[in-house]
Amino acid sequence: MSNTSATTSGAEPNNAPNFTHTSNYISPPRPPIHDRTSSNTSSSSDASANAPDPYTSIYPDGKMSLAGISLRAMLLGTSLGLSASAALFLSTVYTTPLWRVPFFVTSLSLFHFLEFYVTARYNTRYATVSAFLLSSNGWAYNVAHGSAIAECLVSHIFWPGQTAAGRMVTVTEPYFGSSVSLLLVGGFVLLFIGQVVRTIAMAQAASNFNHHVQSQHQQGHVLVKTGLYQYLRHPSYFGFFWWGLGTQLVLGNMVCFVGYSLVLWQFFSSRIKREEAYLISFFGDEYVQYRKATPVGIPGI
C-alpha cells in the first residue's frame with residue numbers, strides 16, 4: 001500500500017494559517033487508491049482491468065454506489081434485527097413452530113451481509129453493490145426462498161404437529177424431558193458449518209475469490225492451496241450447498257429440501273465443471289494434480 005504525505009508540496013505545517021481571501025480555487029488532490037494486493041501503483045494493470053473505477057462508480061448510478069451499499073446494509077441490518085427478535089419471541093414467549101420463518105429470514109440477512117462484508121474486507125476492488133448477491137442470482141433464487149417460506153407456513157398452519165417421519169427422528173433429551181427433533185438439530189449444524197466455511201473460504205482466498213467465473217487469467221491470480229483449500233478445492237461452494245440444505249431442515253420443509261438438493265447440486269456441478277476448465281488452462285498440471293488430491297465435499301461432484 002502506498003503512503004502519501006500529510007501535507008501538500010510547499011506547505012509549512014508549523015506556520016499560522018493565512019485567512020486572506022483569494023479568488024483562485026485550488027482543486028483538492030484526488031485520494032489515493034488503497035490496494036491490498038500490491039504495494040505498487042500503476043496506471044494500467046491487468047489484475048484490475050475488470051475492477052470498477054473508484055472515481056466514477058461510487059456515485060448513485062455506479063457499480064460501487066455508496067448510496068446503494070449503505071441502503072442495502074441498512075435494510076439487511078434492520079431485517080436481521082427484527083427477524084431475530086421475532087424468532088426469539090415466537091420460540092420462547094409465544095411458543096409456535098412458526099418461529100422458523102423469521103429465523104430463516106435472519107439467516108438470509110446474515111448470509112447476504114457477510115457476502116458483501118468479506119468481499120469489502122479482503123477483496124475491496126470488487127466490493128460492488130452486486131456483491132451482496134441480493135439481485136444478481138436471478139428470479140429463480142427469489143422463487144426458491146419464497147417457496148421455502150410458503151411451505152413452512154402452509155405445513156405448520158394447516159397440518160400442525162409432527163409427521164410420522166418427524167416422530168421417528170425425535171428423541172427425548174434426559175435433562176428436561178423435552179422432545180428434540182434430530183432433523184432440526186441437523187439443520188442447525190449444517191447451516192452453521194456451511195456459513196462458517198463459506199465465510200472463511202472467501203477470506204482465505206482474498207483477491208483470488210470472485211463471485212463470477214473468470215474466463216481470463218488475471219495478473220496476481222494464484223492457486224490457493226492453503227487453509228480450507230488444503231482440504232476442499234471449492235470450500236465456498238461446499239458451504240453454500242450445505243447452508244442451503246440446513247435452512248430447509250430448520251424450516252421443516254421436506255419438499256423444498258428435495259428441491260434445494262436437486263437445484264443446488266445441478267448448479268454447482270455445472271459451475272464447477274465450467275470453472276475448472278478455466279483453472280486447468282490457467283494453472284495446467286498443477287491444478288490437475290490438486291483436483292485429484294482434493295475433494296469438493298458435495299456428493300457426486
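Figures for the structure shown
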| item | result |
| --- | --- |
| Amide proton proximity set for residue 170, modelled H, under 5 Å, gap of 5+ | 182 |
| Solvent exposure of segment 117-156 as accessible area per residue, Å², 1.4 Å probe | 46 Å² |
| Low-density loop positions, chymotrypsin sites (Phe, Trp or Tyr not before Pro), segment 83-176 - DSSP coil, at most 14 other Cβ in 10 Å | 94, 175, 176 |
| Normalised contact order of segment 47-140, rounded percent, pairs of Cα under 8 Å and 6 or more residues apart | 27 percent |
| Computed over segment 143-301: relative contact order in percent, which uses C-alpha pairs under 8 Å that are six or more apart | 28 percent |
| Under 15 Å, Cβ to Cβ, from residue 129 - net charge with Lys/Arg +1 and Asp/Glu -1 | 0 |
| Estimated vicinal HN-Hα couplings, Hz - segment 249-255 in sequence order (Karplus 6.51, -1.76, 1.60; Gly, Pro = x) | 5, 5, 5, x, 8, 7, 5 |
| Simple spin-label estimate for residue 58 and residue 283 in nanometres, 7 Å along Cα-Cβ | 3.4 nm |
| Most to least accessible of 197, 171 (protein chains only, probe 1.4 Å) | 171, 197 |
| All lysines inside 30 Å of residue 63 as judged from Cα atoms, apart from same-chain residues fewer than 8 positions distant | 273 |
| Spin-label model distance (nm) - residue 140 vs residue 274, 7 Å beyond Cα toward Cβ | 1.0 nm |
| Segment 52-209, accessible surface, carbon-and-sulfur percent (1.4 angstrom probe) | 72 percent |
| Whole-Hz ³J(HN,Hα) from phi, Karplus 6.51 cos²θ - 1.76 cosθ + 1.60, for segment 263-273, glycine and proline x | 5, 5, 5, 5, 4, 6, 4, 5, 5, 5, 4 |
| Contour minus Cα-Cα distance for residue 121 and residue 263 (0.36 nm per residue) | 48.1 nm |
| Label-point separation, residue 255 to residue 231 (7 Å along Cα→Cβ), nm | 3.7 nm |
| Sites residue 292 and residue 179 - FRET efficiency at Förster radius 51 Å, r taken between beta-carbons, to 0.05 | 0.65 |
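The values are calculated or read from the model by the stated rules, or taken from the named source; none is laboratory data. Model, not experiment: these values are computed from the prediction. In this analysis, Cβ positions are derived from the backbone assuming ideal geometry, glycine residues included, and neighbour counts consider all displayed protein chains. Surface areas here come from the heavy atoms of the whole protein model, side chains and all, with no ligands, DNA or RNA. Shrake-Rupley method; radii C 1.70, N 1.55, O 1.52, S 1.80 Å.
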